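The structure appears right after this line, and notes come after that.
Every number in this text was worked out from the coordinates using simple rules, so none of it is lab data. What you see is a predicted model, and the numbers here were worked out from it, not measured in a lab. Cβ: placed from backbone, ideal geometry, glycine included. Neighbour counts: every protein chain shown.
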Amino acid sequence: MTAANVATSWIIAPTILPAITAAVMILVWRRDIQMQRILSVASTIALLGIALFLYGAVSDGQTDAYRLGAWPAPFGIVLVLDRLSTTMLVLTAGLALAVLLYAIAGWDKRGRHFHTLFHFQLLGLNGAFLTGDIFNLFVFFEVMLIASYGLMLHGGGARRLRAGFQYVAINLIASSLFLIAVALIYGVAGTLNMADLAVKAREVTPDNQALLQTGALLLLLVFAIKAAFVPLHWWLPATYAAASAPVAALFAIMTKVGAYAIIRVFGTVFGDSASGDTLAAVVAPWILPAAILTLAAGTAGILASRRLLDLAAFNTVASMGILLIAIGQFDADGLTAALYYLVHSTIAGAALFLVVDLIAERRGDALDALVPRNPISQAPIIGTLFFLIALAVIGLPPLSGFIGKLLVLNATYDASQKWLIWAAILVASLMMTIAFSRAGSMVFWKVKGQVTGPTWATAHVMPMIVVALLVAASASLAVFAGPMTKMFQATAVQALNTPAYVEAVLGRRDNVEPQRPITTPAESATTSPAPVPAPAEH
Amino acid sequence: MELLVASAIGLMTAAAVYLILQQRTFPIVVGLTLLSYAVNVFLFSSGRLIANKPPVISDADAYTDPLPQALVLTAIVISFGMTALIVVLALRGFLETATDTADLPEDELLRDMEDDR
């Protein structure tokens, strides 16, 4: 077998490995936390290895498709591997490993089945990044969400239950909207395979165009709920601030699933730079205003936070705002900046939740509230980590946040609303600087009395090392910004190349340029709904 | 038949939206269930409403699209599981806090902190 063939059969591995791991843990070692930890860490390391292998396999720019059950596309389900999906896989596996190492210092014992749910969550995430089918994307979203409901409640308590109810309710509504969108799109296009849809969506008759656009906008709405766009962001601070720290850190990747889905569906499938009247052009005008409002709401939330966890949660909202500004450009430069900022904000956002947890466990009953209290133990180390992470999330030099923001500013330089975008990002950075300096001074300097928290003899070292490693990851993202940006550039170009995607999945080069509306219901009868109404000659 | 199905979906959705906007957990759960019914019927009808035809290809016009039926089956299973989960959540929340409002409880920690200052 050639190297490409070997990689093709490994595309399914990132979904199978967590599924088997989770099943083994719940069936064999459900009471043995030590074995669960060993298996869990080993499996996540293997997952990272597979993700890196797949990343290497498609780094030459090819797109690879795995057909489940060898059913030819578009009839069967396909998993599609390209630079974009492997980037997300590597990011997910790396973040998962860090979070897991943090959690095994004690958080995983505060509730049951942490590791099982964790791996089911990874299954859903990896599946969502790999799938090439819209309905399959829905299914993987649900897998991811079911696991996240369990993880969100990890540790118990009335507040988590209440926030959990809201979280589940909003996501059930989002799932319903997703299904309505799927039904609308299937009803007019007759297919749910993304590559096939890229072809068929351009052949939809004008009288069905409104239905298709409604479906596309509903899809955007669903992804917006996942990605916490204003005004659909309100569930996020409540959920993330109520979840346990490692879970909130893992959830840093969950909002990025929404961002990924927007890039994939409206960049690759519905987007095509060649013509102006694509579906991407229908949704694009909504994204930029929502993104700027998201950034504003997130920043206001950061300023108003009276707890560090709220600060970290609203920071997630604000970073999604900047990410969506970049995605909303829908060009190669915008997507390059978006991908860099996506990786950066996932790492920095997760690190912020973890360092807040380190602070909270040292402050007695004050926890993470921003009130004067006793000095904390290991303050020099934790203070330095907090300072560095704050630099990263605000976007001050020298860490990756600065370069990420610079790339976004640069990518929007030619945009028509340049001044609005630049003003929003720069003012938000200033506001975040104020909020983070205030929070840091309150926790580390406005102190009185005895030192509280575990001493060096009793403190867990591993969590601190994990947070330091995340900071190091952010730093190396900044140091290697040149090569990283080149890779993200190639990824962005590939993600916007619809014909190549279609050819790789369907195995033939279809004409995806806008063309005459079809006059017969469909060539392939099985994928189209029986009588597509209103063919022209009836 | 189209009018009947369409108005059934519309009515169920309207009732669901009204119920979901309530403040207590029980109406919200019922509303979500109604919404998932409406969505399932809508998804089913995306293959067009054709009566008394087999869901396999026999000849060009005499079959009904089998794919929406498979999609609905998946959607039913998922929404059923989710409903079970949210019922348990609502119950646990009620038993632990003795109230079934869907709002978040007031942050007692912060209130204590304010008193301290």
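The C-alpha atoms of chain A define a longest principal axis, and helix A:308-327 lies at about 30 degrees to it. Under 5 Å between amide hydrogens, built in the peptide plane, is the criterion, and for A:LEU496 it picks out nothing among residues at least 5 positions away or on other chains. Entry for the range A:101-157 at q = 0.17, 0.24 Å⁻¹: log10 I(q)/I(0) = -0.56, -0.86, Debye formula applied to identical alpha-carbon scatterers, no solvent contribution.
How big is the Rg/Rh ratio for the protein assembly as shown, C-alpha atoms only, Rh by Kirkwood, two decimals? Don't skip to the end; give the middle numbers.
Values: Rg = 24.7 Å, Rh = 25.5 Å.
Result for the protein assembly as shown is an Rg/Rh of 0.97.
Taking θ as phi - 60° and the Karplus parameters 6.51, -1.76 and 1.60, the scalar couplings of the range B:15-20 work out to 4, 5, 4, 4, 5, 5 Hz in sequence order, x denoting glycine and proline. Other residues within the sphere of radius under 14 Å centred on the Cβ of A:GLN378, judged by their own Cβ, net out at 0 (K and R +1, D and E -1). At a Förster radius of 51 Å, what calculated FRET efficiency corresponds to the Cβ-Cβ distance of A:ALA23 and A:LEU426, to the nearest 0.05? The pair A:ALA23/A:LEU426 has a calculated efficiency of 0.55.
Treating each Cα of the range B:2-116 as an identical point scatterer and summing with the Debye formula, the log10 of I(q)/I(0) at q = 0.11, 0.20, 0.24 Å⁻¹ comes to -0.54, -1.07, -1.26. Under 5 Å from the amide H of A:LEU81 lie the amide H atoms of A:ASP64, A:ALA65, A:TYR66, each residue being 5 or more positions distant or on a separate chain, with H modelled from the backbone and absent for Pro and chain starts. Calculated from DSSP H runs of 4 or more alone, at -39500 (n - 2.57) each and per residue, what is the 222 nm mean residue ellipticity of chain A, nearest 500? It comes out at -23000 deg cm²/dmol, rounded to the nearest 500. Here the residues A:PHE129, A:PHE402, A:PHE135, ranked from fewest to most Cβ neighbours within 10 Å of their Cβ, fall in the order A:PHE402, A:PHE135, A:PHE129.
By how many nm would the segment from A:ARG110 to A:SER9 grow when fully extended, if each residue of separation counts as 0.36 nm and the alpha-carbon distance is taken off?
Values: separation 101, 0.36 × 101 = 36.36 nm, distance 3.83 nm.
My answer for the length gained is 32.5 nm.
The H on the amide N of B:THR64, modeled in the peptide plane, is under 5 Å from the matching H of B:VAL56, each at least 5 residues off or on a different chain. If you average the alpha carbon positions of the range A:252-272 and of the range A:206-230, how far apart do those two centres end up, in angstrom? If we compute the Cα centre of each part, the gap is 12 Å.
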